[in-house]
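For reference, the structure discussed in these notes is given below.
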Amino acid sequence: MIKKFTFILTLTCSLCFHGATEAKTDAGAVVSVKVWPHHRGGFVTYKYTVTNSSLQAIDSMTIGFYPLDTSDGRGAEITVAPLTQSKSFWLSPEKTTSPNGWGAAIRYPDESSKLMIEWIEGNKEHVTHPSEAGVQGMPTIVNPPNLLPVGTTWDTFSVTVQKEDPAYVNGHATFFLDGKLVTVPIKKGDSTPPTVSASLQQITHPNPVFSTLKFSVSALDNYDSAPPIILESVKSDQPLGKGDLSAQVGSDVRLATVRNVKGRTYFITFSATDASGNVGRKTLSYASP
């Protein structure tokens, strides 16, 4: 794990060293950023597509940075840092992807517990942060510089983290255009919730008073291949008393034990949440004998 003091001793990000004092927000069609996150192998990957509709090529992008926020985060929005094998603030290839000649780095504003992720083209990085020359993971200079051209969309930016952080989806992206900071909200590329399928597979009776219900549950999403499923709630059409049910609500379980009360109906809801934060639900009913 990279220690925080490493970042504080470095330049925090290229956005902070151009003498810019103005931040233009919600810049409309000037530049747009969409995120396409998905779960895989116990991690979450946030993939970004960037469309440049401005009048100049783009040589850097920072996500998780909102310069108008003057709270303790100092503009930084991200809480969950990528786990990287690199010994510097530059992210190693197994946790990030970048365009050719670019690199991605973790940046902490001074005295902030939150962070931002900066992608920067190698030529610009060597000019902006000359003191970082030779640091492990620093992007290689390519000639001519590989800039994001006007009127072009790139989809080669991604970062992988160990758990969800809404700031990667609902935060902001910041660019330098025409000598000014331009900040735009990150937009979700996927707004469709997962489809949850569930069925009651087995009923057992550990004793005459209770029934244990076993369910089969699956979720299908149009982008996220493995949205986590949880038992969201177990309710009844009658008031529930102490000991009427046993269920690990909020966990990835497929079991619930309920008290047998003639005429009572239980409602069991499962939900799946994809990495974009879209939630799908399925509710089943069980009539108590």
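Bear in mind that the values in this text are calculations on the coordinates, not laboratory data. For clarity, every value in this text was computed on a predicted model and none was experimentally measured. Cβ sites come from the backbone with ideal geometry, for glycine too, and all protein chains shown count toward neighbours.
Just add up the charged neighbours of PRO228: K/R +1, D/E -1, any other residue whose Cβ is under 10 Å from the Cβ of PRO228.
-4
In terms of the Cα gyration tensor, with a ≥ b ≥ c the square roots of its eigenvalues, is the range 103-156 rounded because a/c is under 1.5, prolate because a/b exceeds b/c, or oblate?
oblate
Excluding residues on the same chain fewer than 8 positions from LYS34, give the aspartates and glutamates whose Cα lies under 13 Å from its Cα.
ASP155, ASP190
Select from PRO239, VAL150, THR195 the residue farthest towards the positive end of the dipole of the range 131-289; place +1 on Cβ of Lys and Arg, -1 on Cβ of Asp and Glu, and compute about the Cα centre.
Value computed over the given set: PRO239.
Summing +1 for each Lys or Arg and -1 for each Asp or Glu, what net charge is found among the other residues whose Cβ lies under 12 Å from the Cβ of ALA256?
Around ALA256, the charge tally is +2.
Using Cα pairs under 8 angstrom and six or more residues apart, how large is the relative contact order of the range 195-287, in percent?
32
Please work out the FRET efficiency for the pair ASP178 and GLN248, using the Cβ-Cβ distance as r and a Förster radius of 41 Å; give the result to the nearest 0.05.
So the FRET efficiency works out to roughly 0.15.
Any of LYS47/LYS188; LYS235/LYS262; LYS95/LYS124 with alpha carbons more than 18 Å apart? Name them for me.
LYS95/LYS124
Count neighbours as other Cβ atoms within 10 Å of each site's Cβ, and list the trypsin sites (Lys or Arg not before Pro) in the range 157-219 that are DSSP loop with at most 12 such neighbours.
Here the trypsin sites (Lys or Arg not before Pro) that fit, given the DSSP loop and packing criteria, are LYS163.
Once fully extended, how much extra length lies between SER197 and LYS262, figured as 0.36 nm per residue of separation less the alpha-carbon to alpha-carbon distance?
20.6 nm
Using the Cβ atoms and a cut-off under 13 Å, what net charge is assigned to the surroundings of VAL142, where Lys and Arg are +1 and Asp and Glu are -1?
Within the 13 Å Cβ shell, the charges total -2.
How far apart, in nm, are two points set 7 Å out from the Cα along the Cα-to-Cβ line at SER225 and at SER53?
3.3
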